[in-house]
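This report refers to the structure that appears directly beneath it.
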Amino acid sequence: MKKVFILLMLSVGFIFVFAKKNYLNRSFKFTMTKSVNCKNCEINFNERNSIHILATKKSSLHSPIKKEIGIRKFLKNKSLIQLKEGQGYIIDKMPYSYPYLTAKTISFIDELGMEFKTACELSHLPCRPFIITSALRTKETANKLKQINSNAKTESTHLYGCTFDIAWSRFGHGNNPDQEMLDILIPCLKNMQNKRKCRIKFERNQACFHITALQ
Ligand SMILES: [Zn+2]
């Protein structure tokens, strides 16, 4: 009877250890597939804030807007245009910025979006659009952001309507990580940078590419 009991306990122990190992393996695999790797992004996209600031000097929006109400005037005189979803890209909710940019910046995004979409087609992959997570900030929203984000302490180039952010850790309407889409987006960005159409800084902690379109 004692032997049967010991055998029973050993079996229960074995099943428990086996099940736990399997569960951990599955969790690990889940974590691995959920994370994406932005290969060499720190090296390839390392243009610092002062370079972005210089690039904003030619913006049609010459000085920062204080509050949201001030945006209207610049929409009227066409210094700013509303950013809407386009080919190859979608717009995120923007709690600390507004979806308005200069006409040249929107043309730049359209060109990047088309290049990205074409690259997806050439790779025979269904295109999951990249996500624009931030665009124009007013002094008011920039100050609010400074309170929660230490990276926002420096002068924000988002105040001039030619800087925006693209998420690298998620794509499409499902907001999912996608290594294949990221691997397609990286050379498209590099190509635009090589053509001297923009400045790009990879932001690991903000999970975005901080991009200033040259005007
Ligand atoms: Zn940014």
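Here are K78, K73: which of them is exposed (fewer than 12 other Cβ atoms within 10 Å of the Cβ), assigned to a loop (DSSP other than H, G, I, E, B) and either within 17 Å of the chain's Cα centre (by Cα) or free of Cβ contacts under 8 Å to residues at least 60 places away in the same chain (or both)?
Unique residue meeting the criteria: K78.
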Tell me which residues, restricted to segment 193-203, are surrounded by fewer than 21 Cβ atoms within 10 Å (Cβ to Cβ), more than 12 Å from the ligand (Cβ to nearest atom) and touching a residue at least 40 places away in the same chain (Cβ under 8 Å).
Q193, K197
Quick check on this structure: which one of I148, I106 is free of Cβ contacts under 8 Å to residues at least 40 places away in the same chain, more than 11 Å from the ligand (Cβ to nearest atom) and within 17 Å of K197 (Cα to Cα)?
I106
Give the number of residues within segment 153-188 that are over 15 Å from F202 (Cβ atoms) and among the aromatic types (F, W, Y).
2
Matching residues in segment 168-181 - criterion: being closer than 13 Å to Y89 by Cα and surrounded by 16 or more Cβ atoms within 10 Å (Cβ to Cβ)
W168, R170, F171, M181
Residue that is farthest from the ligand (Cβ to nearest atom), among those in segment 152-167 that are outside any loop (DSSP other than H, G, I, E, B) and surrounded by 24 or more Cβ atoms within 10 Å (Cβ to Cβ):
Y160
Just one listed residue, out of Q206, Q215, is more than 16 Å from the ligand (Cβ to nearest atom) and of a type in the set (S, T, N, Q), and it is Q215
Scope segment 168-192; condition touching a helix residue (DSSP H, G or I) at 6+ places or on another chain (Cβ under 7 Å), closer than 21 Å to Y98 by Cα and either within 11 Å of the ligand (Cβ to nearest atom) or part of a loop (DSSP other than H, G, I, E, B) (or both); matching residues
W168
Which ones in segment 86-102 are without any contact (Cβ under 8 Å) to a residue 40 or more places away in the chain and either over 15 Å from E68 (Cβ atoms) or among the polar types (S, T, N, Q) (or both)?
G86, Q87, K93
Given the criterion within 16 Å of the ligand (Cβ to nearest atom) and in contact with a helix residue (DSSP H, G or I) (Cβ under 7 Å, 6 or more places away or on another chain), identify the matching residue among L136, L125.
L136
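Values quoted throughout were computed directly from the atomic coordinates according to the rules given, and no laboratory measurement underlies them. Not measured: the values here are computed from a predicted model. Reconstructed Cβ throughout: ideal geometry from the backbone, glycine too, with neighbour counts over all protein chains shown.
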